[in-house]
Amino acid sequence: MGILQEDVVVISKGEKPGESTVITVNCPDKAGLGCDLCRVILLFGLSICKGDGQTDGKWCYIVFWVVGKPSTRWNLLKQRLLEVCPSYFSTSEIDFYKPENQQPRPPDVFLLKFWCSYDYEGLLHDVTEVLCELELTIERVKVSTAPDGRVMDLFYITDTRELLRTKMRQEETIHYLKNVLGKALINCEIELAGPEFTACSQGSPFLPSAITEDMFSLELPNDHRSGFLAHNPVSVTVDNAFSPSHTLVKILCKDHKGLIYDITRTLKDYNIQISYGRFFASRKGNCEVDLFLMQADGKKIVDPNKQNALCSRLRMELLRPLRLAVVSRGPDTELLVANPVELSGRGRPLVFHDITLALKNLNTPIFSVEIGRHVIHDREWEVYRILLEGDGLPVSRNKIEEGVRKVLMGWE
């Protein structure tokens with residue numbers, strides 16, 4: 001079975017403006033490959049409008065039709081997609097259901113700290129956009145504003161390119177930040193993070209109990225026909241009669257940013273293989289998904305309890321892929337956003353980028369930020385706590401929640 005490495009991932013850009021770009025992946029299979037590919041596509045800010053793929057458990061062929069942006073770096077995207085594809089030399093050794101014996105070494109975490117002489121609306125988003133452009137992943141953030149208006153920001157970051165130990169890479173990062181921050185920047189430093197990163201990762205030990213119960217519930221609300229959920233209906237059905245060897249799961253829902261990622265990460269966490277899948281999103285934003293699934297033992301999902309559990313989790317993940325609340329914190333207003341962490345330990349891409357973009361669009365100043373991880377209801381969550389300026393918010397709390405939700409879900 002011979003295939004050239006340049007044929008593992010093929011990107012065919014649309015010939016006319018507005019046409020979809022077609023991404024074809026032809027490689028050995030592995031557990032969670034679909035999730036990993038969708039995560040990379042989401043990380044590059046692309047929307048999947050159509051998808052088709054199949055696998056025999058050893059080799060897979062997947063096609064994505066995506067909508068990009070003029071600034072999309074297609075060559076870099078291809079490189080990142082190749083990195084999550086198993087080597088085609090290893091096909092004889094694939095065991096889909098066994099975890100890899102050699103886990104990759106966790107990336108080094110660096111502390112980027114800088115001081116600004118004054119704050120301005122959109123500062124955090126401008127910094128976040130630069131870091132995303134440089135492929136620096138934000139792991140944690142601590143932001144604070146002094147009474148005199150000066151800003152100190154601490155970004156704990158990892159480098160996709162694994163070059164941040166070098167002087168050249170650090171100078172490149174600082175140069176980009178100076179260009180975007182201009183005269184506001186007082187000083188900027190990058191160093192290897194120490195034990196304080198572990199302490200920062202835990203986040204504040206206190207989350208309001210009322211928020212915790214509702215925000216992190218793994219059950220659908222009793223009355224999910226009203227409010228936000230009424231405008232985002234989800235249907236998940238199971239059919240074991242259609243195929244002799246697979247369970248067919250049909251999903252009908254409204255499209256949102258990262259929808260296929262949310263489906264594939266859920267199935268990856270359940271250790272369920274997608275043998276064949278088809279996805280289509282209409283111009284009106286309605287989605288149809290057909291998935292032919294097998295359990296880890298290669299059999300159908302016939303246990304009614306397992307079927308109900310899977311359907312309930314898929315409904316929840318598609319109705320509430322992110323949790324959002326705007327609450328009082330003393331005299332101030334706090335925005336809380338949370339997303340589930342994959343069992344592999346990875347959080348959802350671009351969440352902080354989208355939060356800061358939404359607040360910049362709403363002209364809403366940020367006073368402080370804390371990002372940490374919490375285990376709630378036996379599940380790990382990445383929680384973003386953004387403290388907003390208390391006096392004279394330019395828009396109401398409902399407008400803040402609505403504006404942030406629209407950007408996070410791709411409905412803006």
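The values are calculated or read from the model by the stated rules, or taken from the named source; none is laboratory data. All values derive from a computational prediction rather than experimental measurement. Here the Cβ positions follow ideal geometry from the backbone for every residue, glycine too, while neighbour counts run over all protein chains shown. Accessible surface areas use protein heavy atoms only, side chains included; no ligands, DNA or RNA. Shrake-Rupley method; radii C 1.70, N 1.55, O 1.52, S 1.80 Å.
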Cβ pairs under 9 Å, 6+ apart, first in region 57-68 and in contact (Cβ under 8 Å) with a residue 60 or more places away in the chain and more than 15 Å from H256 (Cα to Cα), second in a strand (DSSP E or B) and open to solvent by less than 20 Å² (accessible area, probe 1.4 Å): G57/Q273; G57/S275
query: Do the conditions hold for I272, that is, is it of a type in the set (A, V, I, L, M) and open to solvent by 20 Å² or more (accessible area, probe 1.4 Å)?
result: yes
Scope region 341-377; condition farther than 19 Å from T137 by Cα and outside any loop (DSSP other than H, G, I, E, B); matching residues: A358, L359, K360, N361, I366, F367, S368, H374, V375, I376
- prompt: Quick check: anything in region 324-343 under 26 Å from L46 (Cα atoms) and surrounded by fewer than 16 Cβ atoms within 10 Å (Cβ to Cβ)?
  reply: yes
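Would you check if S396 is out of contact with any helix residue (DSSP H, G or I) (no Cβ under 7 Å at 6 or more places or on another chain), of a type in the set (S, T, N, Q) and surrounded by 15 or more Cβ atoms within 10 Å (Cβ to Cβ)? Spell out how you get there, then give the answer.
Numbers: out of contact with any helix residue (DSSP H, G or I) (no Cβ under 7 Å at 6 or more places or on another chain): yes; of a type in the set (S, T, N, Q): yes; surrounded by 15 or more Cβ atoms within 10 Å (Cβ to Cβ): no.
Taking the combined requirement at face value, the residue does not satisfy it.
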field: Single residue of region 18-39 satisfying the filter (in contact with a helix residue (DSSP H, G or I) (Cβ under 8 Å, 6 or more places away or on another chain) and among the hydrophobic types (A, V, I, L, M, F, W, C)) that is most open to solvent (accessible area, probe 1.4 Å)
entry: A31
- request: Collect the residues in region 162-178 that are out of contact with any strand residue (DSSP E or B) (no Cβ under 9 Å at 6 or more places or on another chain) and in contact (Cβ under 8 Å) with a residue 24 or more places away in the chain, keeping them in residue-number order.
  value: E162, E172, Y176
statement: Of the residues in region 25-36, those that are in a strand (DSSP E or B) and either touching a residue at least 40 places away in the same chain (Cβ under 8 Å) or at positive phi (or both) come to V25, C27, P28
task: Might you let me know whether region 248-266 holds any residue that is at pLDDT 95 or above, of a type in the set (V, I, T) and surrounded by fewer than 21 Cβ atoms within 10 Å (Cβ to Cβ)?
output: yes
query: Is it true that E380 is open to solvent by 40 Å² or more (accessible area, probe 1.4 Å), in a strand (DSSP E or B) and not polar (S, T, N, Q)?
result: yes
- request: Mind listing whichever residues of region 41-89 are within 17 Å of T21 (Cα to Cα) and of a type in the set (V, I, T)?
  value: I41, I48, I62, V63, V66, V67, T72
Residues being modelled with pLDDT under 90, hydrophobic (A, V, I, L, M, F, W, C) and over 19 Å from L131 (Cα atoms) - total across region 344-386: 3
- line: Per the filter on region 289-319, residues part of a loop (DSSP other than H, G, I, E, B), under 26 Å from the mean Cα position of the chain (by Cα) and without any contact (Cβ under 8 Å) to a residue 60 or more places away in the chain are Q295
- prompt: Are any residues in region 357-378 touching a residue at least 60 places away in the same chain (Cβ under 8 Å) and charged (D, E, K, R), and if so, which ones?
  reply: K360, E370, R373
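With respect to F292, determine if the residue is modelled with pLDDT of 90 or more, touching a Lys or Arg at 6+ places or on another chain (Cβ under 6 Å) and aromatic (F, W, Y).
On the way: modelled with pLDDT of 90 or more: yes; touching a Lys or Arg at 6+ places or on another chain (Cβ under 6 Å): no; aromatic (F, W, Y): yes.
Answer is no for this residue.
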message: Anything in region 356-377 that is under 17 Å from S144 (Cβ atoms) and either within 23 Å of the chain's Cα centre (by Cα) or surrounded by 20 or more Cβ atoms within 10 Å (Cβ to Cβ) (or both)? List them, or say none.
response: T356, L359, I366, S368, V369, E370, I371, G372
